[in-house]
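Below: the structure, in structure tokens.
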Amino acid sequence: MKTVGILDYGVGNIASLKGALEGLGYKVLIGATETSLSKVTTIFLPGVGSFPFAMDNLRQLGMDKFLRIRFEAQDVEVIGICLGMQLFFEHSEEGDCEGLGLIEGKVKRFAGRECHVGWNIVRPSENSILSKNSGYYFNHSYYVECSSKVTLASSNYQTEFPVLVKENRFHGIQFHPEKSQNTGAQLLKTLIGA
Amino acid sequence: MLKRLVGVITIKDGWAVQSIGYQKYLPLGRPEVIAENYDRWQLDEILVVDIDRTKLNMGPNYDLLEKIIAKRIMTPLCYLGGVRNIDDALHLINKGADRIAIDSLFLRDPESALEISHVLGRQALVRVQPLVIRNSEVHGYDYLRSISTAKIDPQSFVNMNYGFSELMIVDVENEGKINSFSDELIAPFRGYNLQLICFGGITSQIQISSLFKESNISAVAIGNSLSYTEIPHKKLIIQTEVDIARMTSFGAMTRGARDW
């Protein structure tokens, strides 16, 4: 049974993600330090929170540096979910805040301060790990603008925007696979592997 | 705007109950079993409402949440009941809630409500507002004191809209009744930049289709009627492209979220 890690930086829906991963047959290790997550090959960066609060917490834990090192070393898979994905980018309009700057791109607010809540269709790009249009659960009020080179899938709400990105061994997922029932379960299994 | 169907589980004294007009309660069973059913039926979202917690100033019901999460449900979960401050909200998210709903805190302690929104992000916060009709006008309702309050001013919600993502309006007098949600409750909110969830007396497909035609209604919430029929929501909503895309991974014959 494969063990996966969850980085607990104070704003994630930890129990929710842990329950979903355990339901898929994985062992889950929750940690907030480099040492505690040193033995896993896949680390989740969950996210239910505001961008500035999340960045502050990552910095206080020293895990911003840890993630930058892992990104360059390409020695572990990191999967950022929702806010966790947005943190990979350079800047967010939410609190006018700098992100981790791992992937080129910016996080922008939906027009009219609308929230994109509910189930929407995700369309894969060429060479995506998704093979066809699938429905996933979204809950966010900011979205990412980035190069199509790193975009594996997109969705549409007000505008077309990336919802699955990959650079080096970092995957970012704007929707919540852990809350997307069958389709989410299948994607998690594809990303983590056996 | 996306449209969705929310399954409500009302909790009293630790048991899931059928609630009728905030006054009468009939037992339904264990909350975690009902949550498991909603997950299996692939409802769009689950809202757990513990009606004792705010009234008795008990804080959120973490034990209940743990029991539900132990079922490893993969349907989005929102929790309402007893949230007093940011510590309660963070603890709920950490314990497994995906979103938090709050009602009276916005009136009693708006600073704490906005702090929750600031830390969690407004997409994680739903504001709940019980409503009644008095003299042909829409008024608020204080369920802690069982009295109607001032006439509703939608602009006051818009002013606070940066603090929450959706406003759940509850038809207090029709809650628990069949096909009776009052359209009059929606009228004051037309034309305002608010995403609404409607709850109370919604039981038929015609009613839901009619509500979904309103541009600012993002969801309808249903409680009691879900508990008396197997997968009733399949008859309540007209399948869209999204619903079909949710099934494609495992084929049209998939039986529910637990097939994997």
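Note on the range A:145-181: among residues that are crowded, with 24+ Cβ neighbours inside 10 Å and either farther than 23 Å from A:Ile43 by Cβ or among the β-branched types (Val, Ile, Thr) (or both), the one that is nearest to the other protein chains (Cβ to nearest Cβ) is A:Gln181.
Among all positions in the range A:148-157, there is no residue which is modelled with pLDDT of 95 or more, in a strand (DSSP E or B) and touching a helix residue (DSSP H, G or I) at 6+ places or on another chain (Cβ under 6 Å).
Among all residues of the range A:121-138, there is none that is in contact with a strand residue (DSSP E or B) (Cβ under 7 Å, 6 or more places away or on another chain), crowded, with 22+ Cβ neighbours inside 10 Å and farther than 24 Å from A:Thr183 by Cα.
When A:Arg123 is evaluated against the numbered criteria (1) within 13 Å of chain B (Cβ to nearest Cβ); (2) under 27 Å from A:Gly10 (Cα atoms); (3) of a type in the set (Lys, Arg), which criterion, by number, is the only one it fails? All conditions pass for A:Arg123, except number (2).
Looking at the range B:102-192, the strands (runs of 3 or more DSSP E) lying wholly inside it that each contain 1 or more residues that are buried (at least 19 other Cβ atoms within 10 Å of the Cβ) and within 17 Å of the chain's Cα centre (by Cα) sit at B:125-134, B:137-142, B:166-171. Restricting attention to the range A:43-65 and to residues that are out of contact with any Leu (no Cβ under 8 Å at 6 or more places or on another chain) and under 11 Å from A:Leu7 (Cβ atoms), the residue that is nearest to the other protein chains (Cβ to nearest Cβ) turns out to be A:Asn57.
Within the range A:9-44, being charged (D, E, K, R) and surrounded by fewer than 21 Cβ atoms within 10 Å (Cβ to Cβ) holds for A:Glu22, A:Lys27, A:Glu34, A:Lys39. Checked against the criterion of being within 12 Å of another protein chain (Cβ to nearest Cβ) and at pLDDT below 75, the candidates B:Arg258, B:Arg246 yield just one match: B:Arg258.
So that you can scan it fast, the table gives a plain yes or no per residue for (1) closer than 28 Å to B:Arg108 by Cα; (2) out of contact with any helix residue (DSSP H, G or I) (no Cβ under 6 Å at 6 or more places or on another chain); (3) in contact (Cβ under 8 Å) with a residue 40 or more places away in the chain:
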residue: B:Arg30; (1), (2), (3): no, yes, no
residue: B:Trp41; (1), (2), (3): no, yes, yes
residue: B:Arg53; (1), (2), (3): yes, yes, no
residue: B:Met58; (1), (2), (3): yes, yes, no
residue: B:Leu65; (1), (2), (3): yes, no, no
residue: B:Arg72; (1), (2), (3): no, no, no
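Only one of the numbered conditions (1) touching a residue at least 12 places away in the same chain (Cβ under 8 Å); (2) within 14 Å of chain A (Cβ to nearest Cβ); (3) over 20 Å from B:Ala219 (Cβ atoms) is violated by B:Ile197, and that is (3). In the range A:83-97, the qualifying residues are those that are touching a residue at least 12 places away in the same chain (Cβ under 8 Å) and more than 22 Å from A:Lys149 (Cβ to Cβ), and the one that is nearest to the chain's Cα centre (by Cα) is A:Leu83.
The values are calculated or read from the model by the stated rules, or taken from the named source; none is laboratory data. None of the values given here were measured: they were computed from a predicted structure. Glycine also receives a Cβ, built like all others from the backbone with ideal geometry; neighbour counts cover every protein chain displayed.
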